[in-house]
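Encoded as structure tokens, the structure appears first; notes follow it.
The values are calculated or read from the model by the stated rules, or taken from the named source; none is laboratory data. The shown structure was predicted, so the numbers you read here are calculated from the model rather than taken from an experiment. Cβ placement follows ideal geometry from the backbone for every residue including glycine, while neighbour counts extend to all protein chains displayed. Accessible surface areas use protein heavy atoms only, side chains included; no ligands, DNA or RNA. Shrake-Rupley method; radii C 1.70, N 1.55, O 1.52, S 1.80 Å.
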Amino acid sequence: MDRLKAPARLMIVSDLDHTMVDHHDTENLSLLRFNSLWEANYRHDSLLVFSTGRSPTLYKELRKEKPMLTPDITIMSVGTEITYGNSMVPDNGWVEVLNKKWDRNVVKEEASKFSELKLQAETEQRPHKVSFYVEKDKAQAVTKALSEVYEKRGLDVKIIYSGGMDLDILPQGAGKGQALAYLLKKFKTEGSPPVNTLVCGDSGNDAELFSIPEVYGVMVSNAQEELLQWHAENAKGNTRIIHATERCSAGIIQAIGHFKLGPNLPPRDIADFSDYKLENPNPGHEVVKFFLFYEKWRRAEVENSAVYLASLKADCCPSGTFVHPSGVEQSLPECINGLRSSYGDKQGKQFRVWVDEVLATQVGSDTWLVKFDKWELSGEERHATKTTAVISSKVSDVSDGFTWIRVHQTWYKGYEGKDDTTWHF
């Protein structure tokens with residue numbers, strides 16, 4: 001949060017399941033395309049917020065399963081928990097807001113009297129959320145009856161039905177929409193409201209996000225009937241909300257372009273970077289570009305040409321160094337030469353590379369210290385390093401590109417490589 005010295009250029013607030021994450025996309029290409037766009041063009045001056053119905057336990061499980069980026073803010077348990085950064089520091093102010101007119105014991109006691117409700121797993125029961133399963137044809141009647149019971153008991157609760165089976169009972173002041181409204185008010189109080197906010201969703205528990213004034217919104221093409229019906233009844237004439245023609249995160253990319261919120265060409269979509277010139281080059285784009293080439297080289301998706309390697313070497317300082325996560329220091333140009341032998345070694349196999357949390361600090365007139373996490377998925381195995389790079393702009397203008405001076409990697413705890421010889425960069 002503190003890394004931004006000015007209001008966020010763009011804040012994306014996205015649901016996860018079937019919005020940011022496409023569970024039907026086995027290669028996760030849509031998500032990886034978004035990742036490359038965000039890290040190359042937005043991470044340095046914008047905010048990424050995940051807003052999910054998942055509990056912290058299930059959210060962390062999803063992060064282990066899918067190549068997801070680290071958000072700046074995580075809203076979990078249908079808007080009842082707000083945390084910040086990778087360490088997920090809780091927002092205590094939000095907890096105080098939710099405690100008003102809320103008694104979890106009474107909520108459970110009354111709900112237990114409805115045989116139609118089946119309690120969800122213990123991990124999904126949270127301090128300000130009690131969750132059940134209910135059959136679709138019984139949901140409306142149960143919701144109405146429950147609301148009346150709680151009102152008689154003096155509780156101010158909200159009941160949200162989504163996904164065709166999930167029924168969540170929350171404090172009236174909770175929910176994805178209220179959590180976002182709380183954050184926007186907090187930013188405004190601090191004098192740094194985002195310039196633009198884009199909300200993204202697919203189901204009923206996302207509807208509140210689209211009710212927040214001033215935001216742009218995208219319902220992904222695979223949005224469920226409950227959200228489309230809400231839109232038809234409540235926001236049909238709102239030109240700031242679109243129903244994308246693309247699924248999941250591809251729909252989010254489409255919305256960025258539709259509303260002209262910034263660049264919307266993912267670097268992953270660029271076949272040949274030698275023919276592509278970025279309007280405003282930045283260190284983040286340079287990092288994304290390098291590791292995308294590295295993936296394509298090993299998957300044999302680019303031509304096995306000495307020209308490519310010569311171009312890479314030209315982007316490296318002749319005396320540049322690379323410190324392998326094993327601790328061995330090597331010449332950076334020699335490491336590029338070493339890529340010759342790995343051309344196509346992952347052809348036809350599941351092999352993907354992505355970078356996360358790419359943050360650059362200018363340490364000289366033309367030099368940047370860039371920190372990021374570099375991830376590799378090879379088959380079922382996932383490995384990662386904490387990476388620090390020193391790069392400088394060529395000549396005096398960044399439009400000419402960057403020169404790599406030093407790269408230092410250390411294994412990310414829990415994701416160490418088993419064989420140091422197979423880790424090139």
**Prompt:** Considering segment 206-218 alone, what residues qualify as being open to solvent by less than 20 Å² (accessible area, probe 1.4 Å) and under 16 Å from Ala179 (Cβ atoms)?
**Reply:** Asp206, Ala207, Leu209, Phe210, Val215, Gly217
**Single residue of segment 334-370 satisfying the filter (within 19 Å of Tyr42 (Cβ to Cβ) and of a type in the set (A, V, I, L, M, F, W, C)) that is surrounded by the fewest Cβ atoms within 10 Å (Cβ to Cβ)** = Leu359
**Asked** For Lys138, which of the numbered conditions (1) assigned to a helix (DSSP H, G or I); (2) closer than 19 Å to Ala174 by Cβ; (3) in contact (Cβ under 8 Å) with a residue 12 or more places away in the chain; (4) open to solvent by 50 Å² or more (accessible area, probe 1.4 Å) fails to hold?
**Response** (2)
**Asked** Out of all the residues in segment 2-23, which are touching a residue at least 40 places away in the same chain (Cβ under 8 Å), in a loop (DSSP other than H, G, I, E, B) and on the phi < 0 side of the Ramachandran plot?
**Response** Arg3, Leu4, Ala6, Pro7, Ala8, Arg9, Leu10, Asp15, Leu16, Thr19, Met20, Asp22
**Prompt:** What pairs can you find where one residue is in segment 96-119 and at negative phi, the other is among the hydroxyl-bearing types (Ser, Thr, Tyr), and their Cβ atoms are less than 7 Å apart, with a gap of 6+ or different chains?
**Reply:** Val97/Tyr182; Leu98/Thr80; Glu110/Tyr150; Lys118/Tyr133
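Here is a check on your reading of the model: is Val307 touching a residue at least 60 places away in the same chain (Cβ under 8 Å) and among the β-branched types (Val, Ile, Thr)?
On the way: touching a residue at least 60 places away in the same chain (Cβ under 8 Å): no; among the β-branched types (Val, Ile, Thr): yes.
Taking the combined requirement at face value, the residue does not satisfy it.
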**Asked** Mind checking whether some residue in segment 335-342 is touching a residue at least 40 places away in the same chain (Cβ under 8 Å) and part of a strand (DSSP E or B)?
**Response** no
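Among the residues of segment 1-35, how many are small (Gly, Ala, Ser) and under 11 Å from the mean Cα position of the chain (by Cα)?
Our first condition is that a residue be small (Gly, Ala, Ser); within segment 1-35, this holds for 6, 8, 14, 30.
Going one step further and asking which of them are under 11 Å from the mean Cα position of the chain (by Cα), we end up with 14.
Selection size over segment 1-35: 1.
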**Asked** Of the conditions (1) touching a Gly at 6+ places or on another chain (Cβ under 9 Å); (2) not in a helix (DSSP H, G or I), Glu246 fails just one. Which one is it?
**Response** (1)
**Message:** Of everything in segment 170-201, what is closer than 16 Å to Ser77 by Cα, in a loop (DSSP other than H, G, I, E, B) and not aliphatic (A, V, I, L, M)? Give them in sequence order.
**Reply:** Gln172, Gly173, Gly175
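Picking from Ile242, Ile253, which residue would you name as being surrounded by fewer than 20 Cβ atoms within 10 Å (Cβ to Cβ) and modelled with pLDDT of 95 or more? It would help to see each step written out before you state the result.
Numbers: Ile253 fails: surrounded by fewer than 20 Cβ atoms within 10 Å (Cβ to Cβ).
The conditions single out Ile242.
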**Message:** Suppose we keep only residues that are out of contact with any Leu (no Cβ under 7 Å at 6 or more places or on another chain) and polar (S, T, N, Q) within segment 64-91. Which one would you say is most open to solvent (accessible area, probe 1.4 Å)?
**Reply:** Ser87
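In segment 256-270, what count of residues is obtained for those that are open to solvent by 60 Å² or more (accessible area, probe 1.4 Å) and either touching a residue at least 12 places away in the same chain (Cβ under 8 Å) or touching a helix residue (DSSP H, G or I) at 6+ places or on another chain (Cβ under 7 Å) (or both)?
Kept after step one, since they are open to solvent by 60 Å² or more (accessible area, probe 1.4 Å), are these residues of segment 256-270: 258, 260, 264-265, 269.
Among the residues that remain, those that are also either touching a residue at least 12 places away in the same chain (Cβ under 8 Å) or touching a helix residue (DSSP H, G or I) at 6+ places or on another chain (Cβ under 7 Å) (or both) are: 258, 264-265, 269.
So the answer is 4.
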**Asked** How many residues are part of a strand (DSSP E or B), under 18 Å from Ile12 (Cα atoms), among the aliphatic types (A, V, I, L, M) and out of contact with any Phe, Trp or Tyr (no Cβ under 6 Å at 6 or more places or on another chain) when one looks only at segment 74-104?
**Response** 1
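For segment 321-329, indicate whether the set of residues that are in a loop (DSSP other than H, G, I, E, B), among the small types (Gly, Ala, Ser) and at pLDDT below 95 is non-empty.
The initial filter retains those residues of segment 321-329 that are in a loop (DSSP other than H, G, I, E, B), namely 324-328.
If we keep only those that are among the small types (Gly, Ala, Ser) too, we end up with 326-327.
Still in the running and at pLDDT below 95: 326-327.
Checked segment 321-329: at least one residue is in a loop (DSSP other than H, G, I, E, B), among the small types (Gly, Ala, Ser) and at pLDDT below 95.
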**Complete:** Of the listed residues (Trp102, Trp94), the one being open to solvent by less than 10 Å² (accessible area, probe 1.4 Å), of a type outside the set (D, E, K, R) and closer than 21 Å to Glu208 by Cα is Trp94
**Fill in**
Of those in segment 36-70 that are part of a loop (DSSP other than H, G, I, E, B) and among the polar types (S, T, N, Q), the residue nearest to the chain's Cα centre (by Cα) is Thr70
**Prompt:** Quick one: how many residues across segment 219-230 are open to solvent by 30 Å² or more (accessible area, probe 1.4 Å) and either of a type in the set (Val, Ile, Thr) or over 22 Å from the mean Cα position of the chain (by Cα) (or both)?
**Reply:** 5
**Request:** Would you be able to say whether some residue in segment 40-55 is without any contact (Cβ under 8 Å) to a residue 60 or more places away in the chain, out of contact with any strand residue (DSSP E or B) (no Cβ under 8 Å at 6 or more places or on another chain) and within 30 Å of Thr361 (Cα to Cα)?
**Result:** yes
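I'd like to check something: does segment 382-403 contain any residue that is more than 26 Å from Tyr276 (Cβ to Cβ), polar (S, T, N, Q) and touching a residue at least 24 places away in the same chain (Cβ under 8 Å)? Let's see the steps before the verdict.
Looking only at segment 382-403, we keep the residues that are more than 26 Å from Tyr276 (Cβ to Cβ), and these are 382-386, 388.
In the following step, the residues that additionally are polar (S, T, N, Q) were identified as 385, 388.
Keeping just the survivors that are touching a residue at least 24 places away in the same chain (Cβ under 8 Å) gives 385.
Checked against the condition, which is being more than 26 Å from Tyr276 (Cβ to Cβ), polar (S, T, N, Q) and touching a residue at least 24 places away in the same chain (Cβ under 8 Å), segment 382-403 yields at least one hit.
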**Asked** How many residues does segment 293-333 contain that are under 24 Å from Gly348 (Cβ atoms), loosely packed, with under 15 Cβ neighbours inside 10 Å and among the acidic types (Asp, Glu)?
**Response** 2
